[in-house]
1. Between B:LYS185, B:LYS151, which is open to solvent by 70 Å² or more (accessible area, probe 1.4 Å) and closer than 14 Å to A:GLN44 by Cα?
2. Mind checking which residues of the stretch B:43-60 are more than 9 Å from chain A (Cβ to nearest Cβ) and among the aliphatic types (A, V, I, L, M)?
3. Here are A:ALA70, A:ALA124, A:ALA24: which of them is modelled with pLDDT under 85, over 25 Å from B:TYR130 (Cα atoms), open to solvent by less than 60 Å² (accessible area, probe 1.4 Å) and not assigned by TED's automatic domain parsing to the domain that holds A:ALA192?
4. State all residues of the stretch A:159-200 that are in contact with a Phe, Trp or Tyr (Cβ under 9 Å, 6 or more places away or on another chain) and over 16 Å from A:SER216 (Cβ atoms); if no residue qualifies, say none.
5. Give the residues of the stretch B:90-135 that are away from chain A (no Cβ under 13 Å), open to solvent by less than 70 Å² (accessible area, probe 1.4 Å) and modelled with pLDDT of 70 or more, sorted by residue number.
6. Taking the residues in the stretch A:4-19 that are in a helix (DSSP H, G or I) and at the interface with chain B (Cβ under 10 Å from one of its Cβ atoms) as candidates, determine which candidate is farthest from B:SER153 (Cα to Cα).
7. For the stretch B:157-170: of the residues being surrounded by 15 or more Cβ atoms within 10 Å (Cβ to Cβ) and closer than 20 Å to A:ARG9 by Cβ, which is nearest to the other protein chains (Cβ to nearest Cβ)?
8. Checking A:TRP84 against (1) more than 10 Å from chain B (Cβ to nearest Cβ); (2) outside any loop (DSSP other than H, G, I, E, B); (3) at pLDDT below 80: exactly one of these is not met. Which one?
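The values are calculated or read from the model by the stated rules, or taken from the named source; none is laboratory data. From a predicted model like this one, the values you see are computed outputs, not experimental measurements. Reconstructed Cβ throughout: ideal geometry from the backbone, glycine too, with neighbour counts over all protein chains shown. Quick note on the areas: whole protein, heavy atoms, side chains included, nothing else; ligands and nucleic acids left out. Shrake-Rupley method; radii C 1.70, N 1.55, O 1.52, S 1.80 Å.
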Amino acid sequence: MSGSSSADRIERYVQDVMTEAEKADFMEELERDEALQNELHYYQQLQQSMRWNRQLEQLDRRLEEEGFFAQSEQLPRPRSYRWWWAAAAALALLIAGMLWWQSTRSPNWDSLATVEIKDIDLEAARIRGTRPLDTRSDLSGALAAIAAEDYSAAESYLQAIPAGDSTYARARLLLACSALAVEDYPRAGAYAREAYAASTQPLDRQKAEWLQLKASVGAKRPDRTLLDKIASDKKHRFSADALRLKTQLP
Amino acid sequence: MAEEHEVKLAANQLLERFRANDTALLREIYTDHFNACWSKIRQAGGTREDCREVFQEALYSLLVKTQNPEFELKTSFRGYLVQSCFYLWLKARKQQQLWLPLFSQEFGVDPGTTVLEGLEEKDQLLMSMYVALRKISSACRRVLELFFLEKRSDKFIAASMGYSVQFVKNKRQRCLKTLRSIIAKTTNS
């Protein structure tokens with residue numbers, strides 16, 4: 001439907017001023033024309049809306065004239081929520097502030113879990129950046145792979161070293177280092193425990209403990225007991241590092 | 001359980017009176033329930049004028065809903081009205097995001113759900129018309145009411161408002177255009 005003539009006809013229809021012939025024509029056209037039906041529906045809805053609006057407004061005005069709202073004004077003032085709202089708003093702000101503070105204070109777990117390879121294996125640290133070692137032995141191949149930061153290859157070499165081998169404990173320490181480097185903390189923890197069990201030297205055990213602790217930090221569940229043990233043992237190789245770590249953890 | 005059933009029954013009997021266009025009903029509702037709504041709005045820091053506005057809107061929305069013969073209230077009539085008024089009041093102040101969760105706990109339901117429940121897509125036009133009719137100028141509204149509700153001629157309207165007949169015709173078209181534009185904005189928002 002388009003054009004003012006159709007609008008005029010709808011207006012005449014809703015005003016109920018059409019002649020019988022005109023109305024019959026309009027009804028016939030209405031049956032065929034969906035747009036005309038929609039437009040008529042719009043005007044009928046408008047009429048209905050105006051009727052309800054006016055009814056509600058007239059009643060409101062009449063009630064005001066009768067003093068109805070003035071009476072309701074004299075209701076006993078109920079317990080005000082204003083203070084409650086203010087308290088809720090203050091609480092919401094406080095919580096938001098705490099969350100913000102916590103987020104800014106939240107440590108970077110991965111960064112806290114990193115380990116300097118020189119602290120664990122001097123040879124592995126020394127060959128970094130140099131040409132790869134002779135890869136005839138599994139340990140040499142692993143060191144070369146670690147130097148190239150190919151931890152997956154390093155793991156293959158190190159896994160091949162059997163439990164009875166003299167380099168087994170060292171291999172487990174390096175495996176734990178490799179797993180930490182790729183942020184595989186559960187495996188790092190498991191390798192560190194194996195290294196601890198296989199170590200005969202106190203220093204190797206201390207390294208294993210340190211790696212185990214770092215693995216727990218990487219997993220965001222720092223082993224507080226181990227941390228306290230290392231920190232409180234002044235002879236422990238990582239005592240000072242543990243004390244520093246304690247201040248960095250939440 | 002029986003008590004709950006009674007409450008719903010009473011509420012839905014009121015709806016039937018709405019549907020039957022019982023003219024005394026609206027006044028009765030004001031007498032019985034306005035103060036409950038006013039008490040709630042007042043607690044939240046609103047004015048009596050605020051309450052009068054939202055009470056009308058809540059009743060209008062109920063009138064729209066009762067056009068659907070299947071619409072039923074699931075709570076007491078007073079509970080429904082108080083929740084509706086409170087929701088509409090918060091909505092008008094764009095504060096519902098902040099405060100509704102608190103009051104949803106108090107009411108035991110989300111008042112927004114209560115108000116919107118039963119409103120069908122086809123009812124959206126009527127709801128938008130409510131808003132639009134209250135936004136247009138009083139002169140526009142008078143012209144439209146005289147023409148569409150009282151079915152007065154342009155000549156009559158011109159004489160009663162001190163306009164020319166042509167001016168009345170033009171004004172009506174302009175007012176209808178404004179109304180459509182507000183409705184479109186309300187529907188899309």
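1. From the options B:LYS185, B:LYS151, the qualifying one is B:LYS151.
2. Hits for the stretch B:43-60 are B:VAL54, B:ALA58.
3. A:ALA70
4. Matches in the stretch A:159-200: A:ILE161, A:PRO162, A:ALA169, A:ALA171, A:ARG172, A:LEU173, A:LEU174, A:LEU175, A:SER178, A:ALA181, A:VAL182, A:ALA198.
5. Residue satisfying the conditions is B:LEU119 alone.
6. Among residues in the stretch A:4-19 that are in a helix (DSSP H, G or I) and at the interface with chain B (Cβ under 10 Å from one of its Cβ atoms), the one farthest from B:SER153 (Cα to Cα) is A:SER4.
7. If we take residues in the stretch B:157-170 being surrounded by 15 or more Cβ atoms within 10 Å (Cβ to Cβ) and closer than 20 Å to A:ARG9 by Cβ, then B:LYS169 is nearest to the other protein chains (Cβ to nearest Cβ).
8. All conditions are met except number (1).
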